[in-house]
Amino acid sequence: MVGKAKDTRTGIALEDLEGIRERVTVHKARRADLHSWAFHQLRTFVTYKAAIAGVPVRLVDPRNTSRTCHRCGHCDKRNRPSRDDFKASAAGSPAPPTTTLRSTSVAGQ
């Protein structure tokens, strides 16, 4: 991630997941999954490596990042008809959700 950002002369935006364990409720069977994610550790590693490479890192509000078009910035629930699909209702541009999320995080916020 850091190498790609450096090569493309862009920054990295990470969703600010501070307090997510307190804000999110999940069924008992999913609690172990939620609490085993190392959000802080990932953020620390990316920030450290980005600083060495001279790549800026910014924390962004995680609300609606999966519904926001990376091209035009339009945010709409209809942009994300399912977990695996993204189609910008304003721009009409289909894109893989992970590409859209990554681009939105870096460019739009």
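Results, tabulated for the structure shown:
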read-out	value
Nearby lysines by direct alpha-carbon distance to residue 87 (threshold 21 angstrom, same-chain neighbours under 8 apart not counted)	77
Proximal charge balance of residue 61 [Cβ under 9 Å; K/R count +1, D/E count -1]	-1
Cα-based reach from residue 28 at 15 Å (exclusive), listing aspartates and glutamates while leaving out same-chain residues under 8 positions away	none
Radius 11 Å from Cβ of residue 89, net charge of other residues (Lys, Arg +1; Asp, Glu -1)	+4
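The numbers here are math on the coordinates, done by the rules we state, and not lab data. These numbers were taken from a predicted model, which means no experiment stands behind them. Here the Cβ is made from the backbone with ideal geometry for all residues, glycine too, and neighbour counts use every protein chain on show.
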